[in-house]
Amino acid sequence: PHYVAELRPLTGRDAPVAEWLREHDAVARMYADIEGFLQHWLDALADDHRSYVTVAIGCTGGQHRSVFLVEQLARAFGDRWAALKRHRELDTE
């Protein structure tokens, strides 16, 4: 969405951007890959007494795809694991 003029001023938290991203298979695959990795490894990491796991996601402008994916992952894992979200490009405002 960085290159779509009407979406550029919005973020991955905004419905038009989220809808645009949901229509793209590459975004769905990226989410599925990251979610699958975390589903597979989080219990093992906790069993190994790891106190935290850092997941970093980047995108062209830092406000669309990465924000959307982080919000979706936090929603998916937030009931079971503490999720601290930091959107570097948004948190500087």
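The values are calculated or read from the model by the stated rules, or taken from the named source; none is laboratory data. Note that the structure is predicted; figures quoted are calculated from it, not measured. Here the Cβ positions follow ideal geometry from the backbone for every residue, glycine too, while neighbour counts run over all protein chains shown.
THR92 meets all of the listed conditions (1) among the polar types (S, T, N, Q); (2) under 21 Å from ALA28 (Cα atoms); (3) loosely packed, with under 11 Cβ neighbours inside 10 Å but one, namely (2).
Tallying residues that are more than 13 Å from ILE34 (Cα to Cα), without any contact (Cβ under 8 Å) to a residue 40 or more places away in the chain and within 11 Å of the chain's Cα centre (by Cα) within segment 63-86 yields 3. GLU35: within 12 Å of the chain's Cα centre (by Cα), acidic (Asp, Glu) and either at pLDDT below 95 or under 22 Å from ASP14 (Cα atoms) (or both), yes or no? Judged against the criteria, GLU35 is a match.
Taking the stated definitions as given, is GLU89 within 15 Å of the chain's Cα centre (by Cα) and modelled with pLDDT under 95? Considered against the rule, which asks whether it is within 15 Å of the chain's Cα centre (by Cα) and modelled with pLDDT under 95, GLU89 comes out as yes. Within segment 1-55, the residues that satisfy the criterion of being surrounded by fewer than 16 Cβ atoms within 10 Å (Cβ to Cβ), among the hydrophobic types (A, V, I, L, M, F, W, C) and in a loop (DSSP other than H, G, I, E, B) are VAL4, ALA5, VAL53, VAL55.
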